Amino acid sequence: MKLKYNFLFAIPLILFFVTDNMFTELAAPHNLEAQGALNNMMVKALAGISFLYSAVYFMRMSPPMRIAFFFTTLYVLGMVFESYYKYNTPMVYPHVFLKVLLLYYSFAIYTYYKGSFYVEFSHIAWFALIGFWLNVLIVNPHTLSVSSFTNHERGVHSTSVYMLVLPFLYFLSNYFFKGKLMSLLLAFFVLVTIFFFQHRTVWISTAVVLVIYYLLFKFKTNTPLDLSKILPIITVLVIAGLASSAFIFSIHPEIIEKIQESFSDMENFDSQGTGGWRYKQWLSYLPFIQENFFFGMRFEGFELPIQFYREDLDKPVFEDGHGHFFHSFYVDVLFYTGLAGLVLYCLQAVYATVNGLRKKSLTVNQIMLLSFIMSGFIFGISYVLPVFFYAVLGWAIATLEVDKVERSNFLVEAAHRRKYRLQALRNNLIIP
């Protein structure tokens, strides 16, 4: 019996995944100070390692990625000179530098998998799913109750729930192309989990992922999704769900009210719910973004007093002296680094998207990763993109450049090629 060591190639990705709150909470349950210190240490260490690794293996990069790396490094050097000129130190506020340095996360993962492309999607999917439920069962068991659902006590962070989109795509693909019923049940289980923890932005992102996923299979493969395989099972699950939910709702009618409230918050995002909170924060900082639109406030932004006030207490929402914490990727980037920084952020994601859409055909892995990356444009409206997103971005770009039909985890296209080879051998033909 041979042992598989492919899981070792997932470790670089896992290092970025463990910076998420659900893993730091597992390391130091109910100790916010220790969690913050651990996360801060890991994020900074990974930034330094990522820069050095991607610089050493610069020649592995494709020309578009080299251009992105060059301009990112140029921006960082400009910040170093500015810091030294104004504050007599090369890196005065690490919080501000990390706004740009985190781009090296994707460069590092990209260059690593350009040289060692053996990672399997299954390892990442299971790691994310197991890690999530360990967090729920050990750290946040109180969230598994009707009262927590109706009181909107989500417990688990939005980024942790967003991570579940990856195992959802994996199990769904595994069912479509391997026909495993257990994979379909796991996909539904993950989908119900995403719904239960009530992060409405993740709901929308998941819906967008499904639309992109379907369209990519429809137009970028010779094996479109056979929805007839899933409709009978969906029918059975819907009937069972309606029967069980009717019983549950009769006992807890407040669940229906909570669901209606959540959809109402999404419809009126600028005036109620957390969407209204974000909208007010955006308005508080809009004048500073407009005045420093092209290059952002950078270090002056860190020194700026908190502009977002609680109306009920007439005091800042956050403490001064720790930087500004935005609930929007776009506001965060524009405030600190301006339009130039937003362009740097988008260079890699746009390159991955354009590269994928230009291909005549895509593998299953490429479609899953590309769907997830494109959903980041939606998730970023309400939240700052998590560290693991940049790692997945690097993985996606490497997959789009390296992954061939024969390397697809599910080998659907490869099965067709083997069929034609066998037929050619029988007919004494040669296929290059």
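Averaging over all projection directions, the Cα-based convex hull of the stretch 71-205 occupies 12.3 nm² in the image plane.
Extent of the stretch 69-114 along its three principal axes (Cα atoms, max minus min coordinate, largest first): 39, 19, 12 Å. Computed from label points 7 Å out along Cα-Cβ, the spacing between Met41 and Cys346 is 3.8 nm. Note on the stretch 1-146: Cα Rg divided by 2.2 N^0.38 Å, N the number of residues, gives 1.27. Take every Cα-Cα pair in the stretch 1-48 and report what % of them are more than 17 Å apart. When every Cα pair of the stretch 1-48 is considered, 44 percent fall beyond 17 Å. Annotation for the stretch 66-126: chymotrypsin sites (Phe, Trp or Tyr not before Pro) lying in DSSP loop with at most 13 further Cβ atoms inside 10 Å of their Cβ are Tyr118.
Accessible surface computed residue by residue for the stretch 102-211, with neighbouring protein chains in place and a 1.4 Å probe, gives 33 Å² per residue. Among the listed pairs Lys180/Lys218; Lys99/Lys359; Lys180/Lys359; Lys218/Lys360; Lys44/Lys280, those whose Cα-Cα separation exceeds 23 Å are Lys99/Lys359; Lys180/Lys359; Lys44/Lys280. With the simple spin-label model, which puts each label point 7 Å out from Cα in the Cβ direction, the Glu82 to Lys280 separation comes to 3.1 nm.
The values are calculated or read from the model by the stated rules, or taken from the named source; none is laboratory data. Values in this document were obtained by computation on a predicted structure and should not be read as measured data. Quick reminder, even Gly has a Cβ in these numbers, built from the backbone with ideal geometry, and neighbours come from all protein chains shown. When the accessible area is computed, the model is the full protein with side chains, heavy atoms only, and any ligands, DNA or RNA have been set aside. Shrake-Rupley method; radii C 1.70, N 1.55, O 1.52, S 1.80 Å.
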